[in-house]
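**Student:** To start, I am sharing the structure in question, which I have written as structure tokens.
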Amino acid sequence: MTGTKEHVTTAPQAAPVAGGTPWRGDRLTALAQQHGALVALAILAVVASLSFDSFATTDNLGNIAVSSAFVATVALGMTFVIVCGGIDLSVGSVFALGGVLAAWGSQYGTLVALLLPLAVCALIGLVNGLLVARTGLAPFIVTLASMLAARGLMLALTDEGANTYLVGKDSFFATLGQGKLLGVGTPVWITAVLFLAGAVLLRRTRFGQRVYAVGGNEQAAGLMGAPVARTKITVYTLSGLLAGLAGALNAAYLASGVTILGYGMELDAIAAVVIGGTLLTGGLGYVSGSLVGVLLLKVIQNVINQIGSLDSAYQQVVSGAFLVLVVVAQTWLGRRRRAG
Amino acid sequence: MTELALDKSMFADRHALVAWLQRYGVYLGLGVLLLFNVLFTDHFVSGENFRTQAVQVSPVLIVALGMALAIGTEGIDLSVGAVMALSTSLVSLYLGYGPWLALLVAMAGGAVVGLAGGSLIAVVGVQPIVATLALMVGGRGIALVLLPQLKDVRDPAMSSLGSGDVAGVPYLALIAAALALITGFVVRRTTFGRQLLAIGDSRPAAQLAGLPVRRVLIVVYVCSGVLAAIAGFLATARLQASDPSSLGNLMELSAITAVVVGGTPLSGGRVRIGGTVAGAVLIQLLTATLIKHDLPSSWTQIAQAVVIVLAVYAARERGKR
């Protein structure tokens with residue numbers, strides 16, 4: 001969807017070199033773009049703790065953390081894809097497929113329960129990447145197609161959703177999803193480690209540098225000798241892999257491969273990434289911001305639940321309105337930075 | 001007719017073949033699918049089957065018309081499914097004042113969503129996919145706030161609109177065909193249509209040429225919203241119920257598929273309304289065929305995915321003149 005011609009004319013200055021070289025222009029604008037979501041999250045958390053006794057309890061915060069962990073893992077992969085100038089609409093379906101494969105595989109042991117979904121979902125990501133990088137098809141369309149295909153595959157595996165595969169109660173795999181370490185759920189720890197690794201990968205490695213370069217200006221990156229196609233293929237594979245892992249962990253957490261999961265998850269992930277300060281035009285973005293974006297969306301949802309009298313429909317209204325607000329602000333800030 | 005001629009030397013040039021396939025491939029596919037069904041599907045050639053398929057395809061087709069306009073400007077409208085949901089909620093709430101008023105209110109609702117999307121895109125400069133994504137999330141939320149659960153729609157005028165026909169052709173199909181003709185006329189014969197295509201071809205060039213870029217973009221998204229609202233109204237009449245939580249789900253995908261399969265390039269600058277109609281019918285028929293031959297619905301999704309990729313692949317090289 002994002003026409004390449006736009007990148008040629010507008011993107012170059014916006015791409016920061018990994019390592020945080022300061023750019024020309026207003027530093028305050030850059031700070032607002034990068035940390036706006038964090039400030040909003042802090043304010044919301046303080047207001048929520050003061051307003052509701054039930055908000056700042058260990059149980060409630062633990063619930064928010066665990067339910068954020070799965071979307072956050074998906075959003076991590078999405079961050080790489082979007083920074084690289086693409087988009088991945090297939091993650092919701094891949095998440096559901098990963099869960100079903102993991103639950104089915106868990107009868108053969110933890111290794112199968114993890115490796116099977118990871119392999120299949122990485123393969124879907126690889127196909128996405130190959131189609132995007134080698135044929136020049138719009139990422140939006142390619143991943144739309146794989147969204148349908150992955151959902152179809154999942155339905156075929158479960159006899160149109162009629163079969164639910166269960167995860168054995170006392171298996172090590174179930175512990176991965178339901179266990180606790182120092183009072184915090186295992187999925188939260190796994191997500192935290194993944195985010196640390198993701199941040200290092202994006203900001204401190206040559207691969208991360210290439211992701212920024214390709215997203216900032218594909219032609220220029222190619223001329224400078226960056227392997228454009230390989231970088232794109234890698235980010236889509238990574239996104240598929242992480243969505244599959246999130247699905248598998250979620251299956252372990254729920255003790256079954258639920259077939260109706262993942263609808264609209266790509267939207268949640270994209271929203272979180274955008275709220276976190278990553279530009280949808282590519283070339284600029286932060287792993288940490290995506291994590292904050294997920295938390296912000298989950299806290300909004302939680303606060304609406306706390307209010308109680310508001311039903312879940314308001315969550316969508318508030319999330320939508322919030323997204324509009326953030327996107328308008330980001331566009332405005334982005335334009336100021338480009339002008340500066 | 002000269003363009004349709006299958007000259008052998010033409011196929012020596014790969015680009016010519018690709019261009020031909022992009023333009024007429026959808027009719028070719030539709031022809032093959034029709035032939036297959038006539039030969040191998042029981043009870044395919046019947047008035048009842050024709051009516052069923054026509055009624056089912058009409059809402060998708062109407063939404064696809066608006067989508068074709070948005071894609072023609074190198075944009076996209078992901079909010080159409082949510083607008084259908086909003087429309088069905090509004091119809092339920094205002095049906096007490098008569099179906100015409102309900103339709104008007106629903107169309108106004110669609111226009112407001114389109115206005116919001118168009119303004120974000122044209123004035124603020126937000127990418128179409130993001131602007132309409134936000135409206136998609138918020139729009140369905142508003143629909144559910146207005147009408148929290150499924151509600152039966154009992155109105156004689158609505159039910160005769162949903163199930164009636166003229167000489168075997170359902171009202172819904174007639175309305176869809178009329179809207180397609182109007183949209184085709186607007187794109188081909190009006191100044192607005194030419195401006196729309198010029199913007200899709202190159203927005204900076206259109207701006208330099210002094211075209212009213214902002215106004216045209218906003219009108220395009222308002223049109224898309226209004227068409228989606230009409231589709232929501234008609235779907236409500238057909239189902240005789242308002243279900244804001246499920247009506248229009250994944251509609252944006254079906255509409256985009258119909259437009260793209262019909263030969264409209266995602267890179268903008270060109271709109272094929274005839275192809276969009278054929279694309280919508282092709283997808284409807286493909287689903288119906290797979291179901292009639294007892295293939296599970298999971299396979300229709302996989303088939304749809306393959307069709308999308310093939311169509312876009314065929315369209316990619318000659319996407320732009």
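Just so you know, all these numbers are worked out from the coordinates, no wet-lab data involved. Worth saying up front: this structure is predicted, and the values here are computed from it rather than measured. No Cβ is skipped: glycine too gets one built from the backbone with ideal geometry, and neighbour counts run over all protein chains shown.
**Student:** What are the pairs with Cβ atoms under 8 angstrom where one residue, in region A:320-331, is within 7 Å of chain B (Cβ to nearest Cβ) and on the phi < 0 side of the Ramachandran plot and the other, located anywhere, is assigned to a helix (DSSP H, G or I) and surrounded by fewer than 22 Cβ atoms within 10 Å (Cβ to Cβ)? Sequence gap at least six, or different chains.
**Tutor:** Matching pairs, first to second residue: A:328/B:124; A:331/B:124.
**Student:** Give the residues of region A:31-82 that are hydrophobic (A, V, I, L, M, F, W, C) and under 30 Å from residue A:230 (Cα atoms), sorted by residue number.
**Tutor:** Of everything in region A:31-82, those that are hydrophobic (A, V, I, L, M, F, W, C) and under 30 Å from residue A:230 (Cα atoms) turn out to be A:69, A:70, A:71, A:72, A:74, A:75, A:76, A:78, A:80, A:81, A:82.
**Student:** Out of region A:267-296, which residues are hydroxyl-bearing (Ser, Thr, Tyr), more than 11 Å from chain B (Cβ to nearest Cβ) and part of a loop (DSSP other than H, G, I, E, B)?
**Tutor:** A:278, A:286
**Student:** Can you tell me which residue is surrounded by the most Cβ atoms within 10 Å (Cβ to Cβ) among those in region B:109-126 that are farther than 20 Å from residue B:144 by Cα and small (Gly, Ala, Ser)?
**Tutor:** The residue in question is B:118.
**Student:** Have a look at B:280, B:311 and point out the one that is in contact (Cβ under 8 Å) with a residue 60 or more places away in the chain, within 12 Å of chain A (Cβ to nearest Cβ), crowded, with 24+ Cβ neighbours inside 10 Å and in a helix (DSSP H, G or I).
**Tutor:** Result of the check over B:280, B:311: B:311.
**Student:** Same structure again: Please list, ordered by residue number, the helices (runs of 4 or more DSSP H) wholly in region B:132-249 having 3 or more residues that are touching a helix residue (DSSP H, G or I) at 6+ places or on another chain (Cβ under 7 Å) and closer than 30 Å to residue B:267 by Cα.
**Tutor:** B:171-189, B:191-201, B:203-208, B:213-239
**Student:** Does residue B:84 satisfy being surrounded by 19 or more Cβ atoms within 10 Å (Cβ to Cβ), more than 25 Å from residue B:212 (Cβ to Cβ) and more than 14 Å from chain A (Cβ to nearest Cβ)?
**Tutor:** yes
**Student:** Residue A:31 passes all but one of (1) without any contact (Cβ under 8 Å) to a residue 24 or more places away in the chain; (2) not in a helix (DSSP H, G or I); which number fails?
**Tutor:** Result: residue A:31 fails condition (2) only.
**Student:** Scanning for something aliphatic (A, V, I, L, M), more than 19 Å from residue B:221 (Cβ to Cβ), part of a helix (DSSP H, G or I) and touching an Asp or Glu at 6+ places or on another chain (Cβ under 6 Å), does region B:90-107 turn up at least one residue?
**Tutor:** Yes.
**Student:** Pairs please, first residue from region A:202-217 and on the phi < 0 side of the Ramachandran plot, second anywhere and among the polar types (S, T, N, Q) and buried (at least 22 other Cβ atoms within 10 Å of the Cβ), Cβ atoms under 9 Å, 6+ apart in sequence or on different chains.
**Tutor:** Cβ pairs passing all conditions: A:202/A:79; A:207/A:231; A:210/A:231; A:211/A:231; A:213/A:231; A:214/A:231.
**Student:** How many residues does region B:124-140 hold that are touching a Lys or Arg at 6+ places or on another chain (Cβ under 9 Å) and more than 10 Å from chain A (Cβ to nearest Cβ)?
**Tutor:** Total satisfying the criteria: 0.
**Student:** Considering only residues that are more than 10 Å from chain B (Cβ to nearest Cβ) and surrounded by 15 or more Cβ atoms within 10 Å (Cβ to Cβ), which ones fall in region A:137-163?
**Tutor:** Hits for region A:137-163 are A:139, A:143.
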